[in-house]
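The values are calculated or read from the model by the stated rules, or taken from the named source; none is laboratory data. Just so you know, these numbers come straight off a predicted model, no measurement behind them. Positions of Cβ are backbone-derived with ideal geometry, glycine not excepted, and every protein chain shown enters the neighbour counts.
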Amino acid sequence: MKKMIEFLDEDRERVMTGLKSAGTPEAAQKVLEKETDRLLLQYNEECTSVRVRDAAAGMMQAVRSSIPMLDSTGEARVWHSEDSGAGGSTAGTGNKRAGLSMILLGIGAALTAAAFFVPALSAGGAATVLSLMKMILLPAAGGGCLYLAGRTAGKNVRIGVGTGKGTGTERIEILIDPEKLWSSLRGALMVVDRNLEITREEEAVEHRKTLTARNSPGAFSGEEIELFSGLLEMADADNPQMASDIRYYLHRREVDVIEWSQQYSAWFEMLPSMSGKGPGGAGEVMTIRPALAQKGKLLKKGLAVR
């Protein structure tokens with residue numbers, strides 16, 4: 001299946017277009033966050049391992065959280081303009097904008113305040129008009145002026161430079177560097193891909209171990225032990241050839257079939273004889289169902305009668 005970085009390379013044109021049009025670090029951050037979400041969705045559509053998908057989700061969340069810390073600073077542009085005037089004068093576009101901003105700010109504040117203090121002078125139509133002005137028109141006009149004041153004050157910030165005749169202003173503009181952000185994200189995804197590869201390798205090793213354990217000669221489930229124990233009990237009584245075949249099969253699977261003896265008496269359940277004597281005489285014990293053991297470990301208790 002594809003790696004994260006391969007999905008990213010397929011999206012290069014779209015991501016670079018978004019970064020170039022971002023304009024601000026915050027907008028560029030949104031572009032990269034959206035891309036990490038898209039990459040994880042594409043990856044999960046192809047990945048069939050739940051373990052690897054969970055790992056990918058955690059790693060991509062870490063990448064997404066680190067995006068605000070990426071360096072997006074690019075080229076710095078300085079715009080310079082000369083203003084004519086008497087020595088020491090710095091009057092120009094910057095001061096004009098500042099003056100306009102103060103005028104708009106004053107108008108906006110006055111209109112907004114008026115919205116709270118215009119009284120309803122009379123009932124009827126006049127009161128309705130005044131109420132409309134108070135609730136809608138005045139706040140809207142005031143808010144608009146305040147917004148324009150802020151835009152005017154913040155747009156094209158200029159710094160006064162020089163002294164005397166020929167004083168000018170400068171505007172400094174810091175641009176976003178799409179290539180730098182692209183390289184940072186790509187480097188992070190290379191680390192993600194390596195960690196996901198390690199996760200896949202670990203899962204494959206564990207899967208092979210499980211298969212080996214299931215197919216090993218001595219691997220038996222509880223259900224299998226119960227089945228062969230019951231078959232031996234029936235075959236010993238009715239079909240000696242089948243009993244011999246079962247014993248041989250269990251021997252090939254490294255399972256020992258043990259008849260009762262004093263040495264292994266703890267591995268058997270004892271049933272009392274109906275006549276009070278053993279089948280072959282007093283004190284004799286007969287195995288009804290052999291015990292099953294493997295490498296000295298009891299798998300299934302046998303059954304005997306004394």
Q) So which residues in region 1-41 are farther than 16 Å from Arg64 by Cα and of a type in the set (S, T, N, Q)? A) Thr17, Ser21, Thr24
Q) For region 250-272, does any single residue satisfy the condition of being at pLDDT below 90, surrounded by fewer than 17 Cβ atoms within 10 Å (Cβ to Cβ) and more than 27 Å from Thr210 (Cα to Cα)? A) yes
Q. Restricting the first residue to region 198-210 and requiring it to be assigned to a helix (DSSP H, G or I), which pairs with a second residue that is among the aliphatic types (A, V, I, L, M) meet a Cβ separation below 7 Å and a spacing of at least six or different chains?
A. Thr199/Val52; Thr199/Ala55; Arg200/Val52; Glu203/Val52
